[in-house]
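Shown next, in structure tokens, is the structure this report addresses.
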Amino acid sequence: MALHILKKAAGCAAIALPLAMMTLSPAHAASDSLSPAQQKQVESMIEGYLMDHPDVLMQALQNVQTWQMSEQTRRQDEAIAPVWKALAGKDSIAPSVGSADAPVTVVEFFDYQCGYCKRAFDDVMAMADDDTRKIRTIFLELPILTPESVVAARAALAAQKQGKYLELHRAMMGSRGKLSNERIDELAAGAGIDVAQMHKDMDSDDVKKELSRNSGMAKAIGVNGTPAFLINGTLVPGADMERVKSLVDAGLEKDSDRHPQNQTSLIETDQ
């Protein structure tokens, strides 16, 4: 099977190489073009060489894969840059905890009905509750799983208007099972929120606009599932909390190197 693939790849390379050479040298195409017999002979020679030296072909394929990965990273970085600027700026309207001047900023895209988000919740809140003022945590509602997800997200943003975002966020993330309208109201009341006012604010244009903006940002950077994280502009899809912690620690360590007089312990959370 591998030999068949190698032969096919070699054949493609044999055909593509002379054509590419002629394409790159249009000025000499008329005088140096090959006859069908000559082209076939050249293709045969190239194919024979590649079959005798498969390492050359494998290296070429590896180079292509490396280039593709590099190009993907470049495009992703370009897409993230404006999103990060909008989110991490001091005038960002997204719910957040921590100083806008913190050396490390963590953004989480999440859904209140996402089991993986709930599993990551303790680690996320350990960063949000950090009292060193070294970490800023930004919460981005991305309700994509169920209709209840949308209601919960709107309720949380409405609670923000009463200064109770974190209280309801903690309550809904800690709740198990379906977040029905009744359950959301119950959790909101328990968090000291004016439920009637919350319902009015849930239907406000600015709440709808914020959810639409979050969705657009997620789409722009290729986030189509929850949770997903941005740590100082680096995207971590999924609940890979070890990767998240590693990037947070790296940001804190970099800041400690820059300001050695303000060194603090790197963040540690229970496994």
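Below is a table of values for the structure above.
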| quantity | calculated |
| --- | --- |
| Hits in segment 202-223 - residues which are surrounded by fewer than 19 Cβ atoms within 10 Å (Cβ to Cβ) and either among the hydroxyl-bearing types (S, T, Y) or touching a helix residue (DSSP H, G or I) at 6+ places or on another chain (Cβ under 7 Å) (or both) | S204, L211, S212, S215, A220, G222 |
| Of the criteria (1) out of contact with any Cys (no Cβ under 9 Å at 6 or more places or on another chain); (2) open to solvent by less than 50 Å² (accessible area, probe 1.4 Å); (3) not in a loop (DSSP other than H, G, I, E, B), which one D130 fails | (3) |
| Per-region count, segment 106-123, residues of a type in the set (S, T, Y) and over 23 Å from V207 (Cβ atoms) | 1 |
| Residues located in segment 224-243, provided they are out of contact with any strand residue (DSSP E or B) (no Cβ under 8 Å at 6 or more places or on another chain) and open to solvent by less than 30 Å² (accessible area, probe 1.4 Å) | G233, M241 |
| Residue match in segment 71-91 (condition: touching a helix residue (DSSP H, G or I) at 6+ places or on another chain (Cβ under 6 Å), touching a residue at least 40 places away in the same chain (Cβ under 8 Å), part of a helix (DSSP H, G or I) and on the phi < 0 side of the Ramachandran plot) | yes |
| Criterion violated by R74 - all others in (1) at pLDDT 80 or above; (2) surrounded by 10 or more Cβ atoms within 10 Å (Cβ to Cβ) satisfied | (1) |
| So M125, is it open to solvent by less than 30 Å² (accessible area, probe 1.4 Å), in contact with a Cys (Cβ under 8 Å, 6 or more places away or on another chain) and assigned to a helix (DSSP H, G or I) | no |
| Counted residues, segment 244-257 - those being open to solvent by 20 Å² or more (accessible area, probe 1.4 Å) and in contact (Cβ under 8 Å) with a residue 12 or more places away in the chain | 5 |
| Qualifying positions in segment 199-249 - of a type in the set (S, T, N, Q) and not in a strand (DSSP E or B) | S204, S212, N214, S215, N224, T226, N232, S246 |
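Table: residues versus (1) within 26 Å of W84 (Cα to Cα); (2) assigned to a strand (DSSP E or B); (3) open to solvent by 50 Å² or more (accessible area, probe 1.4 Å).
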{"site": "T137", "(1), (2), (3)": "yes, yes, no"}
{"site": "I144", "(1), (2), (3)": "yes, no, yes"}
{"site": "R154", "(1), (2), (3)": "yes, no, yes"}
{"site": "L157", "(1), (2), (3)": "yes, no, no"}
{"site": "L168", "(1), (2), (3)": "yes, no, no"}
{"site": "M172", "(1), (2), (3)": "no, no, no"}
{"site": "E186", "(1), (2), (3)": "no, no, yes"}
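The values are calculated or read from the model by the stated rules, or taken from the named source; none is laboratory data. Please read these numbers as outputs of a predicted model, since none were measured by experiment. Positions of Cβ are generated from backbone atoms using ideal geometry, with glycine treated the same way; all protein chains shown enter the neighbour counts. These area figures cover heavy atoms from the full protein model, side chains too; ligands, DNA and RNA do not enter into them. Shrake-Rupley method; radii C 1.70, N 1.55, O 1.52, S 1.80 Å.
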